Amino acid sequence: MINVNATNFRKNLFNNLELTIKYNEPIHVTTKDGNAIVISESDYNSLMETLYLSSIPKMKDIITKGLNTPLSDTVSEDEVNW
């Protein structure tokens with residue numbers, strides 16, 4: 001994570017945003033009134049999706065069960081009727 005004060009963030013706005021967008025590098029911006037974190041839109045969307053999935057009762061158990069299921073116990077693409 002990059003740490004920068006608001007003045008330097010503003011001076012290098014384009015470069016800072018480029019680092020965040022292209023490389024998903026979060027930026028910690030400090031000010032005298034408080035701090036902020038700048039993240040890419042894709043990171044933000046991922047966080048929102050994670051929060052949404054976490055809000056569904058028993059979703060963590062379903063995901064964990066799926067992750068622990070051996071590939072041999074799953075259905076192949078040939079067996080799925082789309």
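The numbers here are math on the coordinates, done by the rules we state, and not lab data. The shown structure was predicted, so the numbers you read here are calculated from the model rather than taken from an experiment. FYI the Cβ positions are ideal-geometry reconstructions off the backbone, even for glycines, and counts take in every protein chain you see.
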Checklist entry - Out of all the residues in the stretch 54-64, which are basic (Lys, Arg) and loosely packed, with under 10 Cβ neighbours inside 10 Å? => result LYS58
Item to check | Filter result (farther than 30 Å from PHE14 by Cβ and surrounded by 11 or more Cβ atoms within 10 Å (Cβ to Cβ)) within the stretch 24-53 | outcome: LEU53
Checklist entry - Does the stretch 5-15 contain any residue that is under 20 Å from the mean Cα position of the chain (by Cα) and surrounded by 11 or more Cβ atoms within 10 Å (Cβ to Cβ)? => result no
